[in-house]
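Below: the structure, in structure tokens.
The values are calculated or read from the model by the stated rules, or taken from the named source; none is laboratory data. What you are looking at is a predicted structure, and each value in this text was computed from that prediction instead of being measured. Cβ coordinates were reconstructed from backbone atoms using ideal geometry, including for glycine residues, and neighbour counts include every protein chain displayed. Only protein heavy atoms, including side chains, enter the accessible area calculation; ligands, DNA and RNA are left aside. Shrake-Rupley method; radii C 1.70, N 1.55, O 1.52, S 1.80 Å.
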Amino acid sequence: MALTWDELQHKLEADPAYVAAERQLRPYLDIANVILLTRLKHGWTQKELARRAGLTRGKIDAIESALGNPRLETLQKIADALSIGLLIAPRQQ
């Protein structure tokens, strides 16, 4: 029998290894989501965002895939290209 989405989510949230991995990856996933959604709102491809930010398409792809560890300078270039601000703030856990 297949699990529903809610059942799967509940099962994962009860797994300490999953919780630890999610906590570690959450900032990268948040950054990826903001960049991807904002880029799509502009109607741009990764190539177009890369051109406007002065980066490679591969760099944009890696960040949108939550891979790697982008430098603050890189994130600022992307934010400038997307005409959004860059805010780094603590998060409640």
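What part of the accessible area of the chain, given as a whole %, is carbon or sulfur when the probe is 1.4 angstrom? Display every interim value, and only then the final one.
On the way: 4020 of 7070 Å².
After summing per-atom areas, the C and S share lands at 57 percent.
I'd like to check one number: the per residue accessible area of the chain, probe 1.4 Å, reported in Å² as a whole number. Don't skip to the end; give the middle numbers.
On the way: 7070 Å² over 93 residues.
Ligands and nucleic acids excluded, the result is 76 Å² per residue.
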Given the Cα atoms of the chain, and with Rh set as the inverse mean 1/r over their pairs in the Kirkwood sense, what is Rg to Rh to two decimals? 1.07
How far, in nm, would the chain grow between Leu72 and Arg57 when pulled straight, counting 0.36 nm per residue and subtracting the alpha carbon separation? 3.6 nm
Computed over the range 1-43, the distribution of all Cα-Cα distances in 10 Å bins, rounded to whole %, is 25, 32, 31, 13, 0
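Going highest first, how would you order 52-61, 7-16, 35-44, 79-88 by mean Cβ packing within 10 Å? Intermediate results must be reported in sequence, preceding the final value.
Values: 52-61: 16.3, 7-16: 10.7, 35-44: 14.5, 79-88: 12.8.
Output ranking for 52-61, 7-16, 35-44, 79-88: 52-61, 35-44, 79-88, 7-16.
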Non-local residues with an amide H under 5 Å from the amide H of Thr45, with H modelled 1.01 Å from N and Pro and chain starts lacking one, are none
Pairwise Lys count, the chain - Cα closer than 26 Å, eight or more residues apart or different chains: 5
Rounded to the nearest 0.05, what FRET efficiency is calculated for Thr45 and Leu25 with R0 set to 25 Å and r the Cβ-Cβ distance? 0.50
Using only Cα atoms, tell me the angle between helix 72-82 and the longest principal axis of the chain; keep it within 0 to 90° and round to the nearest 10. 70
